[in-house]
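Remarks on the structure that follows.
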Amino acid sequence: MRIGSLALVLVVGIVAAGCRRASTPPAPSAPSTATTATPQLAHADGGGNVPAPETKYFKGSIGSSLDLQMKLVRTGDQLSGSYFYQRIGTRINLRGKIEPDGNFVLDEFDQAGKQTGIFKGLWGVDSQNGTASLAGLWSKPDEKSVEKKTPFSLHEEPIALSGDVEIVGKQIKESNKKLMYEVAAQYPQFAGGANPNFEKFNQLVRGSVTKKVAEFKKQMQPDEDAEPRPEGSMGSDLSVGYSVALAQDDLVSIQFDVGSYYQGAAHPNSYTEVVNYDLKNGKQLKLADLFKPGSKFLEVISAYCIADLRKQQAADKGKALSDSEIENGAGPSAKNYQSWKITRKGLGVNFDAYQVGPYAAGPQFVVVPWANLKDLINLEGPIAQFAK
């Protein structure tokens, strides 16, 4: 695997800078900069404080492999956990240590206990949203040449699951040279835990993605009257990716980004879909399920989104959004609010391409803070926690 020299130099520079340790941890300088986090303390039975374990989930890449998922438990200066590649699925165990300034070393071991690699990097925390990130270089245990080390970069996912429950990524990857198409679809699945609703969620998500793949492949079947496709012409493709907006024992919110291109089309097509699932009651949520019956939640959400989209347009004239398109595509109609997700900060609303502007403007996104919706939230519903 060859890594661009510029990317390698940048990552090496970041890690080297982090390795120049000061006597005290670095303080944040600006809201957008990354800082290091201090673990919370728990009281020991015999008196005194001991660090409380923190479990975090990360997603990212090593070199050109973009399907890495990692789980880390941080207890004081000790790190442990595992990671795997979605396309392979085999877990690789991790054990290491983190310094007060955020520099860490993680040794990896295969299932037989043999060391197979080393992660060396910096654990940063975004001062705006508190999420963690890992960046640095991976190498084989005895590798000393910087040129043969591979950059890695991982970001924390908003997952807070108890016990042995995890969210793991699954993948469908196919290609057909004769029919000239490729499929790359990823979807999440719960693993572990005794809640039967985890499997209900799994079936719902797996069924939705496999159906998309089947429909795409059906459309790829050649038409008897169609002319043969020119040799070397661009083929068709389907891609499905996902991101976790929120995952708790009782609630999960997933966004799917679907992209496709059909041979001969003027441009690709892309859109978002969401699965917001009540794991306590085993059902997929509608937007109305979040709010008090009879409340005018759509009007409040719409008013905030229209105002925010106008602010975005004023700040970036390149968005090319017009008032009429915004008012039409973000007005208080249920059809305009089909793609929404639950985040810790607020209700995330996706406006796909064409909805509030031309195709060239691309998709738009607005987060409606829970503080603006707290009087409307159903206190007996799935997001009661955000009304506090």
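Restricting to the stretch 90-108, what's the tally of residues that are assigned to a loop (DSSP other than H, G, I, E, B) and in contact with a strand residue (DSSP E or B) (Cβ under 8 Å, 6 or more places away or on another chain)?
Qualifying residue count for the region: 3.
Can you tell me which residue in the stretch 132-164 is nearest to A245 (Cα to Cα), limited to those that are within 20 Å of the chain's Cα centre (by Cα) and surrounded by fewer than 17 Cβ atoms within 10 Å (Cβ to Cβ)?
A160
Could you pull out the residue among L376, L321 that is in contact with a Gly (Cβ under 8 Å, 6 or more places away or on another chain), surrounded by 13 or more Cβ atoms within 10 Å (Cβ to Cβ) and over 16 Å from V274 (Cβ atoms)? Even if it seems obvious, please write down each step before you answer.
Numbers: L376 fails: in contact with a Gly (Cβ under 8 Å, 6 or more places away or on another chain).
Being in contact with a Gly (Cβ under 8 Å, 6 or more places away or on another chain), surrounded by 13 or more Cβ atoms within 10 Å (Cβ to Cβ) and over 16 Å from V274 (Cβ atoms) holds for just one of L376, L321, which is L321.
Which of the residues that make up the stretch 129-142 are outside any strand (DSSP E or B) and either under 18 Å from I159 (Cα atoms) or without any contact (Cβ under 8 Å) to a residue 24 or more places away in the chain (or both)? Please lay out each step first, then the result.
The initial filter retains those residues of the stretch 129-142 that are outside any strand (DSSP E or B), namely 129-131, 140-142.
Passing the criteria: N129, G130, T131, D142.
How many of the residues in the stretch 94-135 are more than 18 Å from R74 (Cα to Cα) and small (G, A, S)?
Number of matching residues: 4.
Can you find a residue in the stretch 263-283 that is surrounded by fewer than 17 Cβ atoms within 10 Å (Cβ to Cβ), within 20 Å of the chain's Cα centre (by Cα) and farther than 25 Å from A353 by Cβ?
Scanning the stretch 263-283, I find no residue that is surrounded by fewer than 17 Cβ atoms within 10 Å (Cβ to Cβ), within 20 Å of the chain's Cα centre (by Cα) and farther than 25 Å from A353 by Cβ, so the answer is no.
Listed residues Q203, Q263; which is modelled with pLDDT under 95 and either within 23 Å of K173 (Cα to Cα) or in the same structural domain as E380 (by TED's automatic domain parsing) (or both)?
That would be Q263, the only listed residue that is modelled with pLDDT under 95 and either within 23 Å of K173 (Cα to Cα) or in the same structural domain as E380 (by TED's automatic domain parsing) (or both).
One residue is enough: does the stretch 302-318 have a residue meeting the conditions hydroxyl-bearing (S, T, Y) and touching a residue at least 40 places away in the same chain (Cβ under 8 Å)?
Checking the stretch 302-318: at least one residue is hydroxyl-bearing (S, T, Y) and touching a residue at least 40 places away in the same chain (Cβ under 8 Å).
Would you mind stating whether Q111 is under 25 Å from Y277 (Cβ atoms), modelled with pLDDT under 95 and touching a strand residue (DSSP E or B) at 6+ places or on another chain (Cβ under 9 Å)?
Numbers: under 25 Å from Y277 (Cβ atoms): no; modelled with pLDDT under 95: yes; touching a strand residue (DSSP E or B) at 6+ places or on another chain (Cβ under 9 Å): yes.
For Q111, the condition - under 25 Å from Y277 (Cβ atoms), modelled with pLDDT under 95 and touching a strand residue (DSSP E or B) at 6+ places or on another chain (Cβ under 9 Å) - is not met.
Inspect all residues belonging to the stretch 216-232 and state whether any of them is under 21 Å from the mean Cα position of the chain (by Cα), exposed (fewer than 14 other Cβ atoms within 10 Å of the Cβ) and in contact (Cβ under 8 Å) with a residue 24 or more places away in the chain.
no
Name every residue in the stretch 170-184 that is closer than 11 Å to Q221 by Cα and part of a loop (DSSP other than H, G, I, E, B), in order of residue number.
K178, L179, M180
Every residue, every condition in (1) among the polar types (S, T, N, Q); (2) assigned to a helix (DSSP H, G or I), yes or no:
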| position | (1), (2) |
| --- | --- |
| L321 | no, no |
| S324 | yes, yes |
| E327 | no, yes |
| Q338 | yes, no |
| G348 | no, no |
| Y354 | no, no |
| G357 | no, no |
| A360 | no, yes |
| V367 | no, no |
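The values are calculated or read from the model by the stated rules, or taken from the named source; none is laboratory data. Fair warning: this is a prediction, and the values are worked out from it, not measured in the lab. Here the Cβ is made from the backbone with ideal geometry for all residues, glycine too, and neighbour counts use every protein chain on show.
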